[in-house]
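Here's the structure we're looking at; comments come further down.
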Amino acid sequence: MTKTFALDPLLSAFAGPSDPAAAAVYPQSLLLLPPGEARQSLLTVHSILEAKLPTSDLRIYEAGGGSTSFLPLKVLERAHVTVVDIDEDQIRNNDYAQEAILGDIQTHRFAPGSFDLVICYNVIEHVPDVEAALLGFCQSLKDNGMILIGAPNPRSLSGVVTKYSPHWFHVWFYRYVRGEKHAGLPGCAPFPTLFHPLVTLSNLEAFAKRHGLQMIYRRQYESPRYPEMRRKKPVLAALVDAAAKVMNFFLPGKADVRHGDYHVILRKALK
Ligand SMILES: C[S@@+](CC[C@H](N)C(=O)[O-])C[C@H]1O[C@@H](n2cnc3c(N)ncnc32)[C@H](O)[C@@H]1O
């Protein structure tokens, strides 16, 4: 397991997401994250990818692409990115992939050993057959290649609420709590969430072991929705924080129900 890196001192020196100096170093997806555990974990993910990916030209498979890249700019600059997404609008919105394929990650297959990195970020929670998608990722990877997964944690407060609430409630949350006016319109989040059992971290870890993948990074972190909510809706955030503290009190160990998301990096062993 790789240690967590300290917050990048460079990042704290920047004025904000619109600071051109910051935008030259970090992707917008990172700059838009509020300071906190989510941003810290993404910085750690970036450090690992920069250290472990080959220094030559890279081939990257973005499974469920959308319009936002979570990859470090230094990696993107030397990469040929192939995006596969099931949604035409999302494919149209993508401006960083060299190749865009309208397709289903559960069934789309590439030649074995095609990619150095597969990234699947905020996607597996929407997919009915996660095992089929993951098997496709493994097959498409070169030896020593990596899979980066970013997903919500089904065993968290937000995970349980998302799983058991109707889709209209997710749209309401995005519109009125997050302030995203276009939420729920074609090509805009939130997308219907299914939570296949493999989205649960322990099941994902068992899958990795069975398929010769080493989990080189795993971190559950406080969902960025919490700091965002504390800023935009402080009264609601105070209520949710109080409820979370009560739940944490009754949970064993140091579990925190606010750990609503995770990052995982899997590495395919050399044959
Ligand atoms: C929440 S968005 C995330 C997009 C992007 N990765 C991001 O983080 O901004 C989920 C994406 O997964 C895509 N998606 C969902 N199921 C899919 C499937 N079976 N095959 C391909 N793409 C899928 C959706 O169309 C959407 O673009």
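Throughout, read-outs are computed from the coordinates displayed, never taken from laboratory work. Source: prediction; values computed, not measured. When we count neighbours, we look across all protein chains shown, and the Cβ atoms used for this are built from the backbone with ideal geometry, even at glycine.
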Fill in: q = 0.07, 0.11, 0.12, 0.17 Å⁻¹, the chain: log10 I(q)/I(0) [Debye, one scatterer per Cα]
-0.24, -0.62, -0.75, -1.63
Discussion item. Apply the Karplus curve 6.51 cos²θ - 1.76 cosθ + 1.60, θ = phi - 60°, to the phi angles in the range 62-78 and return the couplings in whole Hz, x for Gly and Pro.
Written reply: 9, 8, x, x, x, 10, 10, 9, 9, 8, x, 4, 4, 6, 4, 4, 10
Item to complete: Show the residues, 5+ positions off or on another chain, whose built amide H is closer than 5 Å to the amide H of residue 117.
Response: 59, 61, 146
Worksheet item: What is the sum of charges around residue 178, taking Lys and Arg as +1, Asp and Glu as -1, for the other residues whose C-beta is under 12 Å from the C-beta of residue 178?
Response: +4
Worksheet item: Given Cα pairs under 8 Å that are at least 6 residues apart, what percent is the relative contact order of the chain?
Response: 20 percent
Item to complete: For the pairs 163/254; 52/142; 74/268, note any where the Cα-Cα span goes beyond 19 Å.
Response: 163/254; 74/268
Fill in: Residues residue 232 and residue 96, FRET efficiency given R0 of 25 Å [Cβ-Cβ distance, rounded to 0.05]
0.35
Discussion item. Within 13 Å, Cβ to Cβ, of residue 221, how many net charges do the neighbouring residues add up to if Lys/Arg are +1 and Asp/Glu are -1?
Written reply: +1
Worksheet, complete the sentence: Counting Lys and Arg as +1 and Asp and Glu as -1 over every other residue whose Cβ sits under 12 Å from the Cβ of residue 60, the net charge comes to -2
Discussion item. Whole-Hz ³J(HN,Hα) for each residue in the range 160-175, computed from phi via Karplus 6.51 cos²θ - 1.76 cosθ + 1.60 with θ = phi - 60°, x for glycine and proline: what do you get?
Written reply: 5, 4, 4, 5, 9, 10, x, 4, 4, 5, 5, 5, 4, 4, 5, 6
Worksheet item: Which residues in the range 136-161 have a backbone N closer than 19 Å to a point placed 7 Å from the Cα of residue 56 along the Cα-to-Cβ line?
Response: 140-146
Worksheet item: So, by mean Cβ neighbours within 10 angstrom, what's the order for 230-243, 20-33, 113-126 with the highest one leading?
Response: 113-126, 20-33, 230-243
